[in-house]
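All remarks here apply to the structure that follows.
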Amino acid sequence: MEQKLLIQIAKGNQKAFQELYLLYKNKVYNTALGYLQNVEEAEEITQDVFLSIFKRANTFKGQSKVSTWIYRITINKALNQIEKRNRRPKSNLEIQDYHQIDFQHPGILLENKEKAQYLFSVINTLIATQKTAFILSYVEGLPQQEVADIMETTVKSVESLLQRAKTNLKKKLISIYPEGNHKK
């Protein structure tokens, strides 16, 4: 069904584009937000992703699922935004604002918001491949095979990335929450 929508979008069908948008807007936004932890940037990336989909629908070859293609576009745009953000010279005020943890992901229960803010700040310290595997697997809840497809790697590689990400997160979170280091 989604491939048919892309074919119609490539022909300029606005209704098909709107249908695909409704199917994926939340997934794209949440994925971008997971990477950027900034609502405005996530909204901008979401718009950019759908603009790219509209312009590039005819380039989809069907060698992967449509969702995989859309996630790849989203991740690439989010990583580009992070790179652009890091290249830009920052004032002291911007640096201070960046280090303040004020991030709210829509999928997090209210009582866990503060802990989630710390977790996302630590997730940001992971290398890009670990961060991607972690966000897609644990934040977006995608199966490892789909994560492997999106990352253009193997399931075994995703498992390894997730294991290293969890180990790195655990070390960093214990430094923030030493009281959580209970051996049972």
For this session: Report ³J(HN,Hα) in whole Hz for each residue of the range 136-146, in order, from the Karplus equation J = 6.51 cos²θ - 1.76 cosθ + 1.60 where θ = phi - 60°; Gly and Pro get x.
Result: 5, 7, 9, 8, 8, x, 7, x, 4, 5, 5
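Just list whichever of Lys77/Lys166; Lys25/Lys77; Lys11/Lys77; Lys27/Lys65; Lys4/Lys77 have alpha carbons separated by over 18 Å in the model shown. Before the final figure, lay out each step's value.
Details: Lys77/Lys166 25 Å; Lys25/Lys77 15 Å; Lys11/Lys77 24 Å; Lys27/Lys65 15 Å; Lys4/Lys77 24 Å.
Check vs 18 Å cut-off fails for Lys77/Lys166; Lys11/Lys77; Lys4/Lys77.
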For this session: Using only Cα atoms, locate the centre of the range 134-174 and the centre of the range 16-46, then give the distance between them in Å, rounded to an integer.
Result: 21
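Pull out the extension gain between Ser157 and Glu40, defined as 0.36 nm times the separation in residues minus the alpha carbon to alpha carbon distance; nm, one decimal. Please report the intermediate quantities before stating the final value.
On the way: separation 117, 0.36 × 117 = 42.12 nm, distance 3.26 nm.
The Ser157-Glu40 span can extend by a further 38.9 nm.
The numbers here are math on the coordinates, done by the rules we state, and not lab data. Everything numeric in this text was worked out from a predicted model, so none of it was measured.
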